[in-house]
1. Dipole magnitude of the range 19-89 about its Cα centre, charges +1 at Lys/Arg Cβ and -1 at Asp/Glu Cβ only, in debye to the nearest 20?
2. How tilted is helix 73-88 with respect to the longest principal axis of the chain? Cα atoms for both, answer in degrees (0 to 90, nearest 10).
3. Could you work out how far apart the two model spin labels at Ile57 and Tyr43 are, taking each label as a point 7 Å from the Cα in the direction of the beta carbon, and quote it in nm?
4. Roughly how big is the range 27-68's charge dipole about its Cα centre, with Cβ charges of +1 (Lys, Arg) and -1 (Asp, Glu), in debye to the nearest 20?
5. Along the positive direction of the dipole of the chain (beta-carbon charges: Lys, Arg +1; Asp, Glu -1; about the Cα centre), which of Ala39, Asn81, Ala17 reaches farthest?
6. Could you give the radius of gyration (one decimal) and Dmax (whole number) of the Cα atoms in the chain, in Å?
7. If you take the C-alpha gyration tensor of the range 20-69, multiply each eigenvalue by 5 and take the square root, what semi-axes do you get, largest first, in whole Å?
8. Around Glu58, with a cut-off of 14 angstrom between Cβ atoms, what is the net charge of the other residues, counting Lys and Arg +1 and Asp and Glu -1?
Amino acid sequence: MVRDTEGKRKEAFKKAAVDTYETIEKGSVDAYKLSEKVAVGSYKAIENGVVSTYKKIEDKFIDTFLKEDGESIEDARKRINQSLEKGKE
């Protein structure tokens, strides 16, 4: 009786190749998800920082140049927005 060692070797090689491919695929997907998470998180942090800084600059500008006596910054902002809306009509 002849043993089928060549067939067993081929099957073992195929299994090892498939296992290796699956490991690489999982690693690639995991790396992509991680890089996507980092990129989105970084973008959101930058966006929040920029918006927050802009808001502070806007508030300071309104406070310094556009606010009337006794008016809060929010009241001045509302007044200005209403004035702009009327100007569009």
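1. Working: 13 positive and 16 negative charges, 40 e Å.
Using Cβ point charges on Lys, Arg, Asp and Glu, the range 19-89 gives about 180 debye.
2. For 73-88 against the chain, the angle is about 90 degrees.
3. Inter-label distance under the simple model: 2.2 nm.
4. Details: 7 positive and 7 negative charges, 20 e Å.
The calculation lands at about 100 debye.
5. Ala17
6. 32.1, 106
7. Working: eigenvalues 452, 4, 3 Å².
Its equivalent ellipsoid spans semi-axes of 48, 5, 4 Å.
8. That works out to +3.
Just so you know, all these numbers are worked out from the coordinates, no wet-lab data involved. The structure presented is a predicted model; accordingly, all values stated were derived computationally and were not measured. Methodologically, a virtual Cβ is constructed for each residue, glycine included, from the backbone with ideal geometry; neighbour enumeration extends over all protein chains shown.
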